[in-house]
Amino acid sequence: MISTIKRPFQKFLAPETQIVKHGKWYSIAPLSILAIGALLIILGIFIAPVGINLGLDFTGGRIIQVTGITDQNYAQTREVVQDVLRDQLGRSTANRVFFQREESDLGGMALTARYPEPRGNQEEIDYTNNNIRTEIETRLRDIGINVVVEEADAISGTASRERMLNVFMAIGAALVFTLLYMVFRFKITSGVAAIIGLFHDVMIMLAFVVLFRIQVNFIFVAAVITVVAYSLNNTLVLFDRVRDKERDMTNKQTPAQMVDASIKETFWRTSVTTITTLVPVIILTIFGVPLIREFALPIIFGLLAGTYSTIFVTSSLYVRFENAKIESNKRKK
């Protein structure tokens, strides 16, 4: 069984196979994914259904939930809700409404609508929100659909901006300390390569999240931290093996040869770690509630991106940096 699994990788893991030499070809896939994600983000500035689906944690606003609907009248209910929000908030604001269909705790279907905070002072904001809920119930009952409209959550714009700033500061500090740790434990070239690899993983996660319209909120931030930890661990294992080879005074291999050998030696360890982590996460994605899926799906994307970057991206960058340093030292002499 094990030999059957290993057979497709025999050529890749053969001693004569050169991996980092073809680093530019391995960058085509992630660059394509990042380009698609960037295009969707840019389009999202002008077209509401695409782009980054920022949650209330970062945008502020209100969430209302309409319960008591069925599969048959779901589409009609959504249309009414959209019309009411357009009338109360204006067309440009209403175009930024995010709808989600889910099972209701009370039975039947539920429609969740997230919309930006109305403008004005607190009294005007509360008045508009009350009007929205009352108008939705009234219009739906007029066409024979009896529902309950409740406010599920609300976050002010000021609080959301403070949260976003804190998140960016925390991520920036984490990257700085990661770089310092990598430099202290290894050297500057491995530290910079590792940081770029981690940035690659987070950007790939974000690209897929944008593509699948998954909410970017604190749950996503938790998923990013989880993936960064796994990816950094895989990178540390690889560079630790490279360092052992560099310390061996009898080793006359070039940086590319040492990294190639280290990748092959750690390949199964990295792959097994990723697979054993992916299995429960995939199960959670399939059988979990929507909140769990928002956490699990980005982790799946990030774990795959992290494994790919450790083997192909980070390693290739490290060899490029090492070769550049060697050439620089030769010119100085």
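Bear in mind that the values in this text are calculations on the coordinates, not laboratory data. Quantities reported herein were computed from a predicted structural model and do not represent experimental measurements. In this analysis, Cβ positions are derived from the backbone assuming ideal geometry, glycine residues included, and neighbour counts consider all displayed protein chains.
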Starting from the 7 Å offset along Cα-to-Cβ, what nm value, one decimal, do you get for the label separation of Leu278 and Thr254? 3.2 nm
Round to the nearest 10 and give me the degree value, 0 to 90, for the angle of helix 188-211's Cα axis relative to the longest principal axis of the chain. 30 degrees
Per the charge dipole of the chain (beta-carbon charges, Lys/Arg positive, Asp/Glu negative, Cα centre), the residue among Ala113, Ala324, Gly197 reaching farthest to the positive end is Ala324
Shape box of the chain [Cα atoms, principal axes, largest first, Å]: 85, 50, 28
In nm², the average projected area of the convex hull spanned by the Cα atoms of segment 61-155 is 5.6 nm²
Quick one: dipole size for segment 61-155, taken about the Cα centre, charges +1 on Lys/Arg Cβ and -1 on Asp/Glu Cβ, in debye to the nearest 20. 360 debye
Please say if segment 131-261 is rounded, prolate or oblate, where rounded means a/c under 1.5 for a ≥ b ≥ c the square roots of the C-alpha gyration tensor eigenvalues, and otherwise the choice is prolate for a/b larger than b/c and oblate otherwise? prolate
State the antiparallel share, in %, of DSSP beta bridges confined to the chain, rounding to the nearest 5. 95 percent
Residue farthest toward the positive end of the dipole of the chain, with Cβ of Lys/Arg at +1 and Asp/Glu at -1: which of Asn217, Pro280, Gln257? Gln257
Comparing Ala14, Ala305, Ala194 in a Gaussian network model of the chain (Cα, 10 Å), the one with the largest mean-square fluctuation is Ala14
Cα-centre dipole for the chain with unit charges at Cβ (Lys and Arg positive, Asp and Glu negative), debye to 20: 2380 debye
Pairs beyond 24 Å (Cα-Cα), from Lys264/Lys332; Lys245/Lys332; Lys21/Lys187; Lys24/Lys332: Lys264/Lys332; Lys245/Lys332; Lys24/Lys332
What aspartates and glutamates does Lys330 reach when the alpha-carbon gap must be under 14 Å and sequence neighbours fewer than 8 apart in one chain are set aside? Glu322
Helix-only [θ] at 222 nm, the chain, -39500 (n - 2.57) per DSSP H run of 4+, per residue, nearest 500, equals -22500 deg cm²/dmol
What is the helix-to-structure angle for 74-89, meaning the angle in degrees between its Cα long axis and the longest Cα principal axis of the chain, kept from 0 to 90 and rounded to the nearest 10? 80 degrees
Just to be sure I understand the model, the point goes 7 Å from the Cα along the line to the Cβ. What's the resulting Ile326 to Arg269 distance in nm? 2.4 nm
Nearest-ten-degree value, helix 255-287 long axis tilted from longest Cα axis of the chain: 20 degrees
